[in-house]
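In what follows, a structure is listed as structure tokens, so that the remarks can point back to it.
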């Protein structure tokens, strides 16, 4: 009975602490947090978790990134210390004081998009990934739009069969995949010249000339952006 009472008290204390922490944060700098509803997310384990893995599941190397997050009513809120968690496909912010060992993870269902480090992420419905999946907007067009999706996985180091010892460290590998969207339908897009020319068949000659004259490479994202923008300018 005493043990059950102790567990109940600890759970209540933890709940009160979380609520108080959120209030402290909102009052810490009203200009930065702008009244965003802190019930639209949860506190998660610290981003500084120690592991033997080489690499990170976060898109940016540090958290010194300002961002603007837009709710379902398209109202924007400025936030500091932000990052994108690729593993869980979620937007996070280190809103807490140094004494609080956690980061705030926003509920994707309450966000339409966010802009971080000049990258815009929009929420899309993707087969096999649900209806709250964030993808980076690469090129916006009237006919079709280009997006980039991020994913991460662990690449395990080889093991010496004689000693059963690893020949290195396990690593986190981040991968990128492009998609085109037309009439609300997302289609995987391969960075090949033939694929682009087929996609832009109605203006194939102009696109082919544009790529050649400007010495563009479809494997280069900046060049890919130029090609899509040029196509929609014709």
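Given just the C-alpha atoms of the range 138-234, how large is their convex hull per residue in cubic angstrom? Walk me through the numbers on the way to the answer.
Numbers: hull volume 12.9 nm³, N = 97.
So the per-residue hull volume is 133 Å³.
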Legend entry - R0 of 35 Å, Cβ-Cβ distance residue 225-residue 164: FRET efficiency to nearest 0.05: 0.15
Legend entry - Cα-projected label distance for residue 110 with residue 60, points at 7 Å along beta-carbon direction, nm: 2.1
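How large is the Rg to Rh ratio of the range 62-158 when both quantities use alpha carbon positions and Rh follows Kirkwood?
Details: Rg = 14.7 Å, Rh = 14.6 Å.
With Rg and the Kirkwood Rh in hand, the quotient comes to 1.00.
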Inset, instruction - Just the number, please: Stokes-Einstein D of the range 190-234 in µm²/s, Kirkwood Rh from C-alpha pairs, 10 °C, 1.306 mPa s. - result: 156
Legend entry - FRET E, pair residue 75, residue 187, Förster distance 22 Å, beta-carbon r, rounded to 0.05: 0.10
Legend entry - Cβ-derived FRET efficiency at R0 35 Å, residue 201 paired with residue 154, nearest 0.05: 0.30
Inset, instruction - Would you mind putting 209-219, 111-121, 64-74 in packing order, based on average other-beta-carbon counts within 10 Å, highest first? - result: 111-121, 64-74, 209-219
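None of the figures in this text is laboratory data; all of them are computed from the coordinates on show. A quick note: this is a predicted structure, and the numbers were derived from the prediction, not measured. Methodologically, a virtual Cβ is constructed for each residue, glycine included, from the backbone with ideal geometry; neighbour enumeration extends over all protein chains shown.
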